[in-house]
Each structure stands twice: as structure tokens, then as C-alpha cells.
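Chemist: Structure incoming, see below.
No value in this document is a laboratory result; all are computed from the given coordinates. Just so you know, these numbers come straight off a predicted model, no measurement behind them. Neighbour counts run over all protein chains shown; Cβ positions are idealised from the backbone, glycine included.
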Amino acid sequence: VCPLAPAIHRCAVRRTMAGPIPEVFNDQMHPIGAERKSIMERMHSVTVGNERRPYPAGTPFRNIAEDFQPQYASDILLVERNGKLCELCKTLDRDCTLKMLTIQDKPGMQTYERSAIFLLLKAFYDVLGHDRIDRISVEYSLSHALFLLPSGRFQLDQALLEQVECRMKALADKAIPI
């Protein structure tokens, strides 16, 4: 569920409503607002390992992972809900069994690598600008390294790589969820 969905829906309703648009358009006036509130008030049972805890519907998996983080040596990167991988930004909508996944697990390592690739791409575009890059693609992996093929109006040299690395570190320091 997109976190912007209610706002997008309210905008769509505003455009299609006949008559003047009220100054305050809150969830009480929103036809789905009452339903969303009742979902938020519901509690769900979450089982992690041998431990079961209640959480309100709509709780992000990130919050649940934080509660269990002390039991893990590595950072929890995603969860497996009833056998399906879920990112930590997703929210609780039913009773479930969660398995916390870290970099020690194959899906956790793949998630980490994927995030690093997104960070690398963002850093390249920030440093060079969209107008100078035609394409940057991850072609294949070799052992524990990735082969990237950049193309555009720039010279790929050590100075550029150092700028990209510096930008990646700055972005990582901000700890913005991907």
C-alpha cells in the first residue's frame, strides 16, 4: 500500500466533487477514512521465533524489527512474512509469522547489494547530472564484484570515482530509507 494513496485519493475526490470544496477535508469526510481508522485500531498477533506479540494494524515492519534487533548480531534488513519477503517499510495488515533477515541470510545480502547499487546510481547522477549520463547498467557479477557499464558524456577516471564514492558516503550518512 502506497503511503500517499489516501492523499492521492482525497485529491481525486476533490476534483470530482460537485459544489464548493470544503476548506478542511479530513479523514472524517473521506469515505475510506472511517474504514482506515478501524483497521488502525485492530491488533494483530505477530510471531517471531517462539515469541508472540500484539501489534496494531498499520505498524511498519521496521518498528517490529527494532523490537527484535537486540536478538540479532547483524542489522535486520527485511522480513519474511509467512514465507514472502517484505521490505521494512511495509506495514502489518494481518496476523503473521515473521522471520527477521540480516546480511547473514542470502535474501538479506541480496537486499544489501541492491541498496548499494541504488546508492551508487544516485551518487553517479548527483555528481554528473542527468544530462551527461546516457546509461549506467549492471552487466554481471564476478565473484564478489559487480561489472558496471557506464556511458555518456564524461571521462571515467579515478577523480570521478572518488567524487562518486564521497557522494555515496554522504548519502549513506543520511540513512534515508530506499
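Chemist: Put a dot 7 Å past each Cα toward the Cβ at Arg114 and Glu139; how far apart are the dots in nm?
Modeler: Using points 7 Å along Cα→Cβ, the separation is 2.4 nm.
Chemist: Tell me the relative contact order for segment 56-136 as a rounded percent, counting alpha carbon contacts under 8 Å between residues six or more apart.
Modeler: Values: 86 pairs, mean separation 21.6, N = 81.
Taking the mean separation of contacting Cα pairs over the length of segment 56-136, I get 27 percent.
Chemist: OK, next. Over segment 101-178, what is the mean sequence separation of C-alpha contacts under 8 Å (at least six apart), divided by residue count, expressed as relative contact order in percent?
Modeler: On the way: 63 pairs, mean separation 22.9, N = 78.
The normalised contact order for segment 101-178 reaches 29 percent.
Chemist: Starting from a Cα-only point model with no solvent, please compute log10 I(q)/I(0) by Debye for segment 56-141 at q = 0.13, 0.26 1/Å.
Modeler: For the requested q values the scattering log ratios are -0.55, -1.24.
Chemist: Can you tell me the length gained on complete extension of the stretch Glu51 to Glu162, counting 0.36 nm per residue apart and subtracting the Cα distance?
Modeler: Contour length minus the Cα-Cα distance gives 35.3 nm.
Chemist: Take the Cα atoms of segment 111-153, find their three principal axes, and give me the spread along each one in whole Å, biggest first.
Modeler: Extents along the principal axes: 32, 17, 11 Å.
Chemist: Pull out the extension gain between Met43 and Arg132, defined as 0.36 nm times the separation in residues minus the alpha carbon to alpha carbon distance; nm, one decimal. Present the calculation step by step, with values, prior to reporting the outcome.
Modeler: On the way: separation 89, 0.36 × 89 = 32.04 nm, distance 5.07 nm.
Computed gain between Met43 and Arg132 is 27.0 nm.
Chemist: Filter the trypsin sites (Lys or Arg not before Pro) in segment 107-161 to those in DSSP coil with at most 13 other Cβ atoms within 10 Å of their Cβ, and list the result.
Modeler: Details: sites: Arg114, Lys122, Arg132, Arg135, Arg153; in loops: Arg153.
Here the sparse-neighbourhood loop sites are Arg153.
Chemist: With each pseudo-label sitting 7 Å past Cα toward Cβ, what's the Asn82-Ser151 distance in nm, one decimal?
Modeler: 4.5 nm
Chemist: Continuing with the same structure: Compute the length gained on full extension between Arg62 and Lys122: take 0.36 nm times their separation in residues and subtract their Cα-Cα distance, giving the result in nm to one decimal.
Modeler: Values: separation 60, 0.36 × 60 = 21.60 nm, distance 2.33 nm.
That pair, Arg62 and Lys122, stretches by 19.3 nm at full extension.
Chemist: Return the lysines within reach of Lys84: Cα separation strictly under 19 angstrom, same-chain partners fewer than 8 residues apart disregarded; answer none if there are no such residues.
Modeler: Lys99, Lys106
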